[in-house]
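The values are calculated or read from the model by the stated rules, or taken from the named source; none is laboratory data. Please read these numbers as outputs of a predicted model, since none were measured by experiment. We place every Cβ from the backbone using ideal geometry, glycine too, and count neighbours over all the protein chains shown.
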Amino acid sequence: MAVTKAKKKTASTSYAIIETGGKQMRVSPGDKIEVERLAVDKGSVIELDRVLLISEGTEVKIGTPVVEGAKVTADVLGEEKAIKLSSISTSPRCDIAIITVIARFIRSWK
């Protein structure tokens, strides 16, 4: 998973709703977000062009489905690997053990 930081460009009351990795997120300037794996290197700048909504103060622009010409630029802070947890469950009717692997772990950043 890539960790990105949105660049400050406008006042703190502005935000945007973006779509990346099949998920929608609300971002403001200076926010740190965790997105699905991107093919980028640490320290590079990426442009997220799937902007669904932009709010600057009292003005709101809603896209159909995206806002034309809008993009969010972000710095890639690095990649983190998730901690893998595994659990084994057995069924009393079968002799087969079912193994479930959960590969998602939420970390807090400083």
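Before moving on, here are some points about what is shown:
- Pairing residues of the stretch 47-58 that are closer than 16 Å to Arg26 by Cβ with residues that are assigned to a strand (DSSP E or B) and among the aromatic types (Phe, Trp, Tyr), at Cβ distances under 9 Å and at least 6 apart in sequence or on separate chains, gives Leu53/Tyr15; Ile54/Tyr15; Ser55/Tyr15; Glu56/Tyr15.
- Checking each residue in the stretch 2-24 for being surrounded by fewer than 16 Cβ atoms within 10 Å (Cβ to Cβ) and at pLDDT below 60 picks out Lys7, Lys8, Lys9, Thr10, Ala11, Ser12.
- In the stretch 65-93, the qualifying residues are those that are assigned to a loop (DSSP other than H, G, I, E, B) and at pLDDT below 90, and the one that is nearest to Thr13 (Cα to Cα) is Glu80.
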